[in-house]
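Input: a single structure, listed below in structure tokens.
The values are calculated or read from the model by the stated rules, or taken from the named source; none is laboratory data. For clarity, every value in this text was computed on a predicted model and none was experimentally measured. Positions of Cβ are backbone-derived with ideal geometry, glycine not excepted, and every protein chain shown enters the neighbour counts.
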Amino acid sequence: MGAAQASIIGSEERKANRKAAVAGRSVIFKIKRCDGPGKPWRWESFKVPTEPGSNVISSLNWIASNPVTVDGKETTPVVWDSNCLEEVCGACTMVINGRVRQSCSCLVDEYAPREGDEIVLEPMSKFPVIRDLWVDRSRMFDALQRVKAWVPIDGTYNLGAGPQESHDHQQMRYALSECMTCGCCLDACPQFAEEADPKNWDKNFIGPQAISQARLFNEHGTGKRLKDERMDTLMGPDGIQNCGNAQNCVKVCPKGIPLTESIAAIGRSATVHSVKKFFTSK
Ligand code: SF4
Ligand code: SF4
Ligand code: FES
């Protein structure tokens, strides 16, 4: 089965699979591999024993210790990235059976409950591949710099307490602050260009994650001091107007961040910003 035919299953089916999982079975991991930037792609399959609670990362660890394909060919260990192992850092994001998600929280039982079932792993498609399943997510951090996604406080002395905000406002911003820069929303966004040239990342659609983070900092009592600069960037080339409103981003965000709400909110701010500029510019 190629990755294109891999079926994307819903949460109910995954729950049913977890209940039906057969103990002591082996699962086939079919992995899209590449030895480095510009090198050719190849597919390799590995037969991996599973235990209750096995996840994709533990299976990759097993392959790293036993790098032999189903055809008995010795190969190099598969390379991937990970850090927190609890869906907080976003580093382990990859495409699993056609859907972008974190591999640390992906249970084998949910995707492959029977002996010989297959799980297909591919690297994210919108980021340059470093090796195998490991990609370079720098373009996302570059986008955060473009929108100045920070609170501008500088100095070595005590600045005192920050501005007060209401509980409701705090809750709204908290939801946005949960972004872990994983890249799922960008991988799923049809407007976000594939593997853009690292020297020209600022020549590409900035993407829903940076738009939402700009909203987070525009809504902060001190962070809003940079709001005009953020809006200039977001209203410039490859900014918010490139969003085609396909809403794929919000469907795949593992943190449930209201990305389309953020896009709409920034759209409204853009209108206000244009009017303000019209009346204040000479
Ligand atoms: S709504 Fe905009 S940002 Fe989200 S997936 Fe669609 S085009 Fe991309
Ligand atoms: S908005 Fe969601 S999907 Fe996008 S990078 Fe942040 S956590 Fe990941
Ligand atoms: S290792 Fe951090 S999210 Fe998976």
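Taking the conditions exactly as written (hydroxyl-bearing (Ser, Thr, Tyr) and free of Cβ contacts under 8 Å to residues at least 40 places away in the same chain), does residue 65 satisfy them or not? Yes, satisfied.
Here is the figure for segment 153-206: residues that are acidic (Asp, Glu), away from ligand 2 (no atom under 15 Å from the Cβ) and at pLDDT 85 or above total 2.
Checked against the criterion of being farther than 30 Å from residue 83 by Cα, part of a helix (DSSP H, G or I) and over 14 Å from the mean Cα position of the chain (by Cα), the candidates 142, 168 yield just one match: 168. Filtering segment 38-57 for residues that are of a type outside the set (Ser, Thr, Tyr), out of contact with any Cys (no Cβ under 8 Å at 6 or more places or on another chain), under 16 Å from residue 110 (Cβ atoms) and part of a helix (DSSP H, G or I) leaves an empty set. For segment 66-85, the criterion of a residue being farther than 23 Å from residue 130 by Cβ and among the hydroxyl-bearing types (Ser, Thr, Tyr) is satisfied by no position. Among the numbered conditions (1) buried (at least 18 other Cβ atoms within 10 Å of the Cβ); (2) more than 30 Å from residue 70 (Cα to Cα); (3) more than 16 Å from ligand 1 (Cβ to nearest atom), the only one that residue 132 does not meet is (2). Checked against (1) more than 26 Å from residue 130 (Cα to Cα); (2) in contact (Cβ under 8 Å) with a residue 12 or more places away in the chain, residue 12 passes all but condition (2).
In segment 91-101, which residue that is buried (at least 16 other Cβ atoms within 10 Å of the Cβ) and assigned to a loop (DSSP other than H, G, I, E, B) is nearest to ligand 3 (Cβ to nearest atom)? The residue in question is 92. Just to be sure before I move on: is residue 260 among the β-branched types (Val, Ile, Thr) and more than 13 Å from ligand 1 (Cβ to nearest atom) in the structure I sent? So residue 260 fails the test.
Residues in segment 145-165 that are outside any loop (DSSP other than H, G, I, E, B) and surrounded by 15 or more Cβ atoms within 10 Å (Cβ to Cβ): 146 only.
Let's see how each residue does on (1) surrounded by fewer than 22 Cβ atoms within 10 Å (Cβ to Cβ); (2) small (Gly, Ala, Ser); (3) modelled with pLDDT of 95 or more:
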site: 68; (1), (2), (3): yes, no, yes
site: 77; (1), (2), (3): yes, no, yes
site: 80; (1), (2), (3): no, no, yes
site: 86; (1), (2), (3): yes, no, yes
site: 89; (1), (2), (3): yes, no, yes
site: 112; (1), (2), (3): no, yes, no
site: 123; (1), (2), (3): no, no, yes
